[in-house]
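Take a look at the structure set out below.
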Amino acid sequence: MKSGNPETGGMVPCLLIGESAPHIHCGRTIRGLMLDIIIAMLPSAVLAIVYWGVDALRVMALAVAVAVLAEAACCRLMGRKSSIDDLNAVVVGLLVAFMLPAGVAWWAVVVGVGLSICLGKMVFGGIGANPVPAALVGYAAISVCWGIHVDPDTVQLATSWSDPLTKLKFFGAAGIEKFGYADLLFGRQIGGLGSANVGMILLGGLYLVARRTVRWQIPLAFLLGTAVVSGLFYMAAPETYAPPLFHLLTGGVMFAAFFIATDYACSPSRTAAMFLYGVLGGALVVLIRVYGMHVDGTAFAVLLASLVVPYCVLLRPKPFGVK
Amino acid sequence: MQRFSLDSGPGNVPEQVPAPDEFIVSFEADFVACVAKKARVEAGAALARAQERSLRIHAPVAGVVTDIGPGRICMARAQDADDAADEAKAPQTASETKQALDALQGAALAEALGTLGVDAFALTLPAKAVVVNALNPEPGMVWVGSALNHCADTVRAGLRALQRLSPAQTWYFVTAHEAGGLFEDESLSRYAVVRPKPAYPASMDALAVKAATGKELPEGVLAVGLHDVFNIGAVALTGTPLTETIFDVAGKTCRAAIGTPAAHILEHCGLQPQDGDIVALNGLFRGRALSDLRHGIGKADISLAVVRAGTYPPVSDAPCVGCGRCIDVCPARLSPDMISRCAEFGLFEKCRKSYYVEACMECGLCGFVCVARRPMLQYMRLAKQESASLEVRS
């Protein structure tokens, strides 16, 4: 559109943008949010490299590379413009890597991340359309199909640390006595290479909450759900069950609360619904740990909680003026 | 400072934009021109009139009609029409008209105001209460403060005329400003001043009504913007046709003759648009982007703003990621995420039945916060319009 009229307005003709309102914006973009999430994961990633050396770096680098390549390939197959520059693929790749032990075989990383991107995200149409957190799809698939190759107990052998949840499962409350909370907080336990660094995950999670990249309600409700339900078990039989703080500091609970359960596409956005969803996920973690066959039920707890989100979102207020 | 503050403080004395050489006077679709091309018109002469109503639009200065197009008349200012000539708009007749207006009420007053260029017909409809919305319509605007502080006489005249126009019994004045001085006048004692938290979107009519009455969309309550009151006041005070308007340019209140091209106003204010800029008429949240700087400012226009190229991420047709930020900010407690998705795929029935899109106030906050930079307000408006037409058909 040529605009302006030098004869009348005295202005130089210029090309104006004809955009729809609003003409201003808060400045936050998907790419910015994803960058925030990556920044929040950095402390734990660095600690993982400190603890596990090049093994951890290998898993994270491979996961990110596979995620980006898989997304680029999917976009090409779907005849779409590539969406890798929104950094969501990097985040999904890192999330999967964080749940895997550092000693995991390369092919398990490739299959897990590939499935997360292709079956967890792109098959539904890309970012925003996934019914469950994309990272969990690949992780759940490989841990069900090739559990022994993904289990930290069988993969992470060259260490004196052990998996507190395995001890709890097979030796009861007596098996976890040697674990101090400080050890658990600083990640001196085996588990997911990133998710086991509970203190660093909490730090990153608080950064995300402070930046309002994720809402505080979901992590809080998730942790509350875990704490309350495990507290009930502990109160009933302290000699058999672990105390609530143990559950919060082991496995993927902290990681799931801040990084997985807060997945934008498959978590609710209104306070009541967020609390219901979070508490349900947190409670399921404990139920799976107590009654299930899995040592750490976090991934499956979040998967199950995601499935009820369509019902959670029905908890909404009446719109303005609607009677 | 508070986010989205609508409290602009006292504002500046409205700055007069000098008359340009060319005017572009726009009008609505039901208007017909009452002048011919190349005709010479005097200042204040009717240029066009509405077919069904007494409403007219007048020449801002003496000049020659250069072009008559659909919805607009262009005129060139006469070289001999200096400011002194403009001032001499037959003061005798004006004071007579003013006295006549002061005696009129209801529909007769609306008719008379119409012939002087102010559309006040809707204000005569049956109503129990009237809410004057005297909040700056959007953050960053200042003209309300200027009008209340520096043009109090005009506002008072408008408020007085409003009392004679509407049959309402209860009167509210919703504002963020110290409006005490305005109501010292005894004739305005019926107005109750309401001061809600002055943060956007409190300036939405529906929210101003709620602030005043405590109810959501109550029946029989009429909301009137301060700009309309100001225009009524300008005519009631002078008795001359409405040929000037007050508006906001980049945080400064200006006055200009109706029909002054946007290019001229922006140049006067030192805001030369460049390639790729957006020139937003009537607000950054809700207004429209001008495609042509030869848009003449209209009597209902409230602001002009320039958004420089590259200031904000560009709008895209990206899918919704479900972050829920639009849900957080929506004053109508809607789910703009779901409405925009339904609108995207043409599911307008669902927008209405499941998501109550008709409750949308079109504040534009959903688009402001959308991280995917989706054209949210456009989707909301589309959904509202399409679902309303579905309702009419069914």
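When chain A is modelled as a GNM with alpha-carbon springs shorter than 10 Å, which of A:80, A:212, A:31 fluctuates the most? Of the options given, A:80 has the highest mean-square fluctuation.
Annotation: for a label point projected 7 angstrom from Cα along Cα→Cβ of residue B:217, residues of segment B:349-380 with backbone N closer than 18 Å are B:349-364, B:380. Evaluated at q = 0.19, 0.20, 0.26, 0.28 Å⁻¹, a Debye calculation over the C-alpha positions of segment B:245-307 (equal weights, vacuum) places log10 I(q)/I(0) at -0.59, -0.66, -1.21, -1.44. Computed with every protein chain present, the accessible area of residue A:264 is close to 30 Å² [probe 1.4 Å].
Residue order by solvent-accessible surface for B:193, A:144, A:286, B:32 is A:144, B:193, B:32, A:286, largest first, with ligands and nucleic acids left out and a 1.4 Å probe. Of the residues B:72, B:294, the one with the largest accessible area comes first in the ranking B:72, B:294, computed with a 1.4 Å probe on protein heavy atoms.
Once backbone amide H atoms are built at 1.01 Å from N, residue B:297 has B:259, B:260, B:262 as its partners under 5 Å, excluding neighbours fewer than 5 places away on the same chain.
Per residue of B:312-318, other chain Cβ atoms within 10 Å of the residue Cβ number 5 on average.
With the biggest extent put first, the Cα atoms of chain A measure 90, 53, 32 Å across the principal axes.
Looking at chain B as a GNM with Cα springs under 10 Å, which of B:95, B:340, B:189 has the largest mean-square fluctuation? Comparing B:95, B:340, B:189 in the GNM, the peak value goes to B:189.
The convex hull around the C-alpha trace of chain B, projected and averaged over every direction, spans 20.3 square nanometres.
Remark: accessible area buried at the B-A interface is about 4700 Å², both chains counted, probe radius 1.4 Å. Pull out a ≥ b ≥ c, the square roots of the eigenvalues of the alpha-carbon gyration tensor of segment A:88-220, then state rounded if a/c is under 1.5, prolate if not and a/b is larger than b/c, and oblate in the remaining case. The shape class here is oblate. Provide the percentage of antiparallel DSSP beta bridges, counting only those with both residues in the protein assembly as shown; round to the nearest 5. Expressed as a percentage, antiparallel bridges in the protein assembly as shown total about 65. Note that the protein assembly as shown shows a convex hull volume over its alpha carbon atoms of 183 Å³ per residue.
For segment B:117-238, treating each Cα as an identical point scatterer without solvent, what Debye log10 I(q)/I(0) comes out at q = 0.17 1/Å? Reported log10 I(q)/I(0), two decimals: -0.79. Answer rounded, prolate or oblate for segment A:30-150, using the Cα gyration tensor with square roots of eigenvalues a ≥ b ≥ c: rounded when a/c is under 1.5, else prolate when a/b is larger than b/c, else oblate. Oblate, because a/c is 1.5 or more while a/b does not exceed b/c. Computed 3J(HN,Hα) for segment B:306-323, one whole-Hz value per residue from the Karplus formula 6.51 cos²θ - 1.76 cosθ + 1.60 where θ = phi - 60°, is 10, 10, 5, 4, x, 5, 10, x, x, 5, 9, 9, 5, x, 5, 9, x, 6, glycine and proline marked x. For residue B:370, the solvent-accessible surface with a 1.4 Å probe is about 20 Å², rounded to the nearest 10. Estimated from helical segments only, the mean residue ellipticity of chain B at 222 nm is -9000 deg cm²/dmol, where each DSSP H run of four or more residues counts as -39500 (n - 2.57). In chain A, the calculated helix contribution to ellipticity at 222 nm averages -16500 deg cm²/dmol per residue, counting -39,500 (n - 2.57) for every DSSP H run with n ≥ 4.
With a Förster radius of 60 Å applied to the C-beta separation of residue B:389 and residue A:240, the computed FRET efficiency comes to 0.40. With all projection directions averaged, the alpha carbon convex hull of segment A:169-264 covers 6.1 nm².
In chain B, the DSSP beta bridges split such that about 65 percent are antiparallel, to the nearest 5. GNM on chain A, alpha-carbon springs under 10 angstrom: the most fluctuating residue among A:70, A:89, A:102 is A:70.
Computed with every protein chain present, the accessible area of residue A:116 is close to 0 Å² [probe 1.4 Å]. Per-residue accessible area (protein heavy atoms, 1.4 Å probe) orders B:215, B:252 as B:215, B:252, starting from the largest.
Pairs with C-alpha atoms separated by more than 18 Å, drawn from the list A:323/B:215; A:318/B:350; B:210/B:350, are B:210/B:350.
The values are calculated or read from the model by the stated rules, or taken from the named source; none is laboratory data. Just so it is clear, the model here is predicted, and its values are computed rather than measured. So basically every Cβ, Gly included, is an ideal-geometry build from the backbone, and we count neighbours across all protein chains shown. Heavy atoms of the whole protein, side chains included, go into the accessibility calculation; ligands, DNA and RNA do not. Shrake-Rupley method; radii C 1.70, N 1.55, O 1.52, S 1.80 Å.
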